[in-house]
1. Gap in Å between the Cα centre of segment 146-177 and the Cα centre of segment 247-282?
2. With all pairs of different alpha carbon atoms counted, what Kirkwood hydrodynamic radius in Å does segment 109-173 show?
3. How big is segment 72-338 by the Kirkwood estimate over distinct Cα pairs, in Å?
4. Taking the Cα-to-Cβ direction at residue 136 and at residue 57 and moving 7 Å from each Cα, how far apart do the two end points lie in nm?
5. Please give the peptides 286-293, 335-342 ranked by average Cβ packing (other Cβ atoms within 10 Å per residue), highest first, as a rough proxy for protection.
6. How much length is gained if the chain between residue 322 and residue 263 is pulled fully straight, taking 0.36 nm per residue apart and subtracting their Cα-Cα distance, in nm to one decimal?
7. Could you list 210, 255 in order of exposure, starting from the residue whose Cβ has the fewest other Cβ atoms within 10 Å?
8. Arranged by the count of other C-beta atoms within 10 angstrom, fewest first, what order do 209, 120 take?
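All of the numbers you see were taken from the coordinates with simple rules; none came from a lab. Small disclaimer: the values here were computed from a predicted structure and weren't measured. Methodologically, a virtual Cβ is constructed for each residue, glycine included, from the backbone with ideal geometry; neighbour enumeration extends over all protein chains shown.
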Ligand code: NAD
Ligand code: MG
């Protein structure tokens, strides 16, 4: 029998519809199911629109089409963004889908990672996350959001280009939470070059690959001894992995590598009951963009998508929750595109 590190399995091992596979989170068997359903229905009634139209035209649901020029230094800070990104602070409603999960998200001080952290915490998960030391003010805010959801937060400052730090964040997460069920390799570095490859230095090439590919390799390797059947790894790729821009040669190559590694890791870890998937965002309004793109691109950021606007971090949260839970029990080696209508192919 496989030992599980999901606490809810210990509570309900004998009730598992999966027989021996108790490690699959069995939250639907909750003894307070009636209360859960009542709360969920209440939430749905409050949140449910009268008509599909009232759910929001996806073209106009969020601002976009044009933004103010707003240069800021790398790595970028949430408070300096106009408008402020929406991470789901006032909209994401949890439904106990990740009760007792222990999760680690890299780069969740801001942007897409923060939206995933809010969603995981409101679904019942404890959340450890990494950030760069200069991002302390964003990290403090993410800690507050996780704790406001009634869950434990563990904020881990450091540089993921350092293998020892990658190993350390996994050890610290396991020590603090007593295990690890979901690893989200979300942190990423990009910097546009105006002239293409002539402009691209070896230092930048190295930094981009270390931040985006080596860190994923080191973190995944460090996490593996702790991941039991039923656990999940979620990588963050990009539309750039499929449709590379000449000004992002190094970045796009790392995002293609992440897709490829998602496929090979899904093949190799499937027999161990560990699912590996990726999310591939299109243009999303986060602090990564203003410091790394020319102002003329920021002003029109996302305008060239079929939906005609940039996405918000909040619009990715449900993809992470799906891939983290047994609702996606037969999904592995998949890439979910959240691109505003541009195809992944
Ligand atoms: P973000 O700036 O809010 O988050 C990225 C985080 O990565 C930073 O907060 C930082 O903490 C972390 N990071 C970068 N280099 C690091 C390093 N060496 N060590 C430790 N941490 C480091 O931006 P985001 O857009 O939310 O980015 C999240 C992921 O989404 C990235 O992988 C990015 O490539 C990907 N992505 C973003 C977009 C977009 O348009 N915003 C599109 C496609 C993919
Ligand atoms: Mg940040």
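1. 22
2. On the way: mean 1/r = 0.0847 Å⁻¹.
One over the average 1/r among Cα pairs gives 11.8 Å for segment 109-173.
3. After inverting the mean inverse Cα-Cα distance, the result is 18.2 Å.
4. 4.6
5. Values: 286-293: 21.4, 335-342: 18.8.
Descending packing order for the listed peptides: 286-293, 335-342.
6. Working: separation 59, 0.36 × 59 = 21.24 nm, distance 1.80 nm.
Going from the current span to full extension adds 19.4 nm.
7. Taking fewest neighbouring Cβ atoms as first place, the list is 210, 255.
8. With the sparsest Cβ surroundings first, the list reads 209, 120.
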